[in-house]
Structure formats: structure tokens, C-alpha cells
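Participant: My questions will all concern the structure given below.
The values are calculated or read from the model by the stated rules, or taken from the named source; none is laboratory data. Note that this is a predicted model, so its numbers are computed, not measured. Cβ placement follows ideal geometry from the backbone for every residue including glycine, while neighbour counts extend to all protein chains displayed.
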Amino acid sequence: MGLVIAVDGPAASGKGTLARRIARELGLRYLDTGALYRAVARDVLQKGLALEDEAAAVAAAQNLDLNSLGDPALRDQRVGAAASKVAQMPSVRAALLQLQRRYARDPKGAVLDGRDIGTVVCPDAPVKLFVTAAPEIRAKRRLAELRARNIPARYEDILAEIKSRDQRDENRASSPLKPAEDAYLLNTTNLDIEETYQAAMTYIMSITGPSGCTS
Ligand code: DC
């Protein structure tokens, strides 16, 4: 099995940007597992069904088209909030678990980012990062990102949305957001993207050595 790196953290923590760059640098494949939950939510919403309709959400998870994960609609705030709701359903999580594990098992190795990669999906991953930052900082970064894309947004709304998503992701019964016991905690409140990346790579190299291999 190739090197597996688990990157977990709350909404808008910057874990996606970090995970993508680590994958590129180390020549590993990359899976944004949040996009799986977002795609399930999108499919339920597109069919005009209720988000509470568990059977519909499970069917969407079982029939997920992995080629549709680049759909810009997945980045919509509404879809993100809906994803956090379908992600509370154990049956939806179970339907997506094997897919994520299969991806991680590939001999080429992979970086997976999400909420429960280090705790549930890949508990044996040799490298686990838990990326976080104060909610106010995450809201400020998300606001700057939206404004750069000319999407109108208000700081107060984004902060409220981030806090309610944290609340749901951390307190759900099934695979809640929490650092694995052996995760490296990366608090980026006072770090920029480059500093975060350097801190992560220093840690990764301390585990793998400069070759990027664990054995
Ligand atoms: O990382 P993101 O914001 O794209 O994730 C969207 C939602 O999906 C998030 O609020 C919780 C859920 N999620 C999850 O429960 N487990 C994962 N491994 C990834 C995401």
C-alpha cells in the first residue's frame, strides 16, 4: 500500500488547499471526501426531495457519480449546509465508507481530507493532520475567498454558518469531527497558507523521511 495521509478539520479551515498541495508535492492522489457528502446533498436537492429523506440520501450515496465531483454547484453554501445534514445519517456514511477506503488502498498512495479520515476511514494512516483555526479567522478567510470570486457575502452570515456547521459536525453521534489521538494538531489561526504548508511538510518528513516513504 502507498503512503496514506489523513487531513481532517472543520469547515473553512484550509484543509482542502493544504491537502491538495501536499498531494501534488508528494505525487499522491487526492480525494476531497467533503465533496462526496456535498454530491449526495446536491442529488437529493436536485430531485426536489427532503434532506431528511434517509432512503433518498442513501440511494444518492450508492449511485454517486465520481466524475461529477468537480461540479461548481457543490461549492454552494446551501449545498455545504445540506451536506452537513445528510452526513449525520449513519447509513449515508456507511454507503460512502467503502468507496473512500478503496481509494486509500490504491498502491499509488493518497491524501484524503474530511472530518473522520484519521478516526474512522483510515485509522491506520501513518500521517494524520488535524487542521483548525478560530471560527472568526475561518469566516474572514471564507469571506475574502468569496469576494475574490465576486460572490456577495456578509461576514456575520458566514460566521453563523460556520458555527452551526461546527456544532453539527462535532456533535453528531456517527463519526463526529474530532482529532485522532495520534493526529498532529495544526492550528493555523496565526499562520498563512505558506507557513501552514511548511509546518505540515516538516511534520510529514519527520514521519516518512525525505523520500516520502514510511518503510
Ligand atoms: O469539507 P466540506 O465543507 O466540503 O464538507 C461538507 C460537509 O460534509 C461537512 O459539513 C461534514 C460532511 N463531511 C463529513 O461528515 N465527513 C467527511 N469525511 C467529510 C465531510
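Participant: Within the range 12-45, track down each residue that is more than 16 Å from Y103 (Cα to Cα), among the hydrophobic types (A, V, I, L, M, F, W, C) and part of a helix (DSSP H, G or I). First the steps, then the outcome.
Facilitator: Initial filter on the range 12-45 (more than 16 Å from Y103 (Cα to Cα)): 12-18, 21-22, 24-26, 38-45.
Among the residues that remain, those that are also among the hydrophobic types (A, V, I, L, M, F, W, C) are: 12, 18, 22, 26, 39-41, 44-45.
Matches in the range 12-45: L18, I22, L26, A39, V40, A41, V44, L45.
Participant: From (1) modelled with pLDDT under 95; (2) of a type in the set (S, T, N, Q); (3) within 30 Å of I207 (Cα to Cα), pick out the condition that doesn't hold for Q100.
Facilitator: That leaves (1) as the condition not met.
Participant: Go through the range 56-86 and give me each residue that's assigned to a loop (DSSP other than H, G, I, E, B), buried (at least 16 other Cβ atoms within 10 Å of the Cβ) and over 16 Å from the mean Cα position of the chain (by Cα).
Facilitator: Hit for the range 56-86 is L64, nothing else.
Participant: While we're here: Just a yes or no: is a residue in the range 9-21 at pLDDT 95 or above, away from the ligand (no atom under 15 Å from the Cβ) and within 24 Å of N187 (Cβ to Cβ)?
Facilitator: Yes, the conditions are met somewhere in the range 9-21.
Participant: Looking only at the range 159-187, which residues are in a loop (DSSP other than H, G, I, E, B) and not basic (K, R)?
Facilitator: Scanning the range 159-187 gives A173, S174, S175, P176, L177, P179, A180, E181, D182, A183.
Participant: Let me ask something additional. Sort through S84, S68 and tell me the only one that's touching a residue at least 12 places away in the same chain (Cβ under 8 Å), touching a Phe, Trp or Tyr at 6+ places or on another chain (Cβ under 8 Å), among the polar types (S, T, N, Q) and under 23 Å from V7 (Cα atoms).
Facilitator: S84
Participant: A follow-up question, please. Please enumerate the residues belonging to the range 192-208 that are closer than 20 Å to A134 by Cβ and in contact with a Gly (Cβ under 9 Å, 6 or more places away or on another chain).
Facilitator: I193, T196
Participant: Test T17 against the criterion of being of a type in the set (V, I, T) and touching a strand residue (DSSP E or B) at 6+ places or on another chain (Cβ under 7 Å), and give yes or no. Outline the logic, then answer.
Facilitator: Values: of a type in the set (V, I, T): yes; touching a strand residue (DSSP E or B) at 6+ places or on another chain (Cβ under 7 Å): no.
Spelling it out, it is not the case that T17 is of a type in the set (V, I, T) and touching a strand residue (DSSP E or B) at 6+ places or on another chain (Cβ under 7 Å).
Participant: Looking at this structure, is D53 free of Cβ contacts under 8 Å to residues at least 12 places away in the same chain, of a type in the set (D, E) and surrounded by fewer than 21 Cβ atoms within 10 Å (Cβ to Cβ)?
Facilitator: yes
Participant: Something else about it: Quick one: how many residues across the range 121-148 are free of Cβ contacts under 8 Å to residues at least 24 places away in the same chain and within 16 Å of the ligand (Cβ to nearest atom)?
Facilitator: Going through the range 121-148 one residue at a time, the tally reaches 3.
Participant: Would you check which residues across the range 167-186 are more than 14 Å from C122 (Cβ to Cβ) and modelled with pLDDT under 95 and list them?
Facilitator: Q167, R168, D169, E170, N171, R172, A173, S174, P176, L177, K178
Participant: Can you name every residue in the range 101-120 that is over 12 Å from the mean Cα position of the chain (by Cα) and near the ligand (Cβ under 10 Å from one of its atoms)?
Facilitator: T119, V120
Participant: Additional query: Specify the residue that is surrounded by the fewest Cβ atoms within 10 Å (Cβ to Cβ); the eligible residues are those in the range 32-50 that are more than 23 Å from I5 (Cβ to Cβ) and within 15 Å of the ligand (Cβ to nearest atom).
Facilitator: L45
Participant: Look at the range 87-134 and say how many of its residues are among the small types (G, A, S), out of contact with any Phe, Trp or Tyr (no Cβ under 7 Å at 6 or more places or on another chain), farther than 21 Å from D166 by Cβ and not in a helix (DSSP H, G or I).
Facilitator: Selection size over the range 87-134: 2.
Participant: Further question on the same structure: Of all residues in the range 136-158, how many are part of a helix (DSSP H, G or I), of a type in the set (K, R) and either farther than 24 Å from N187 by Cβ or modelled with pLDDT of 95 or more (or both)?
Facilitator: Of the residues in that region, 3 qualify.
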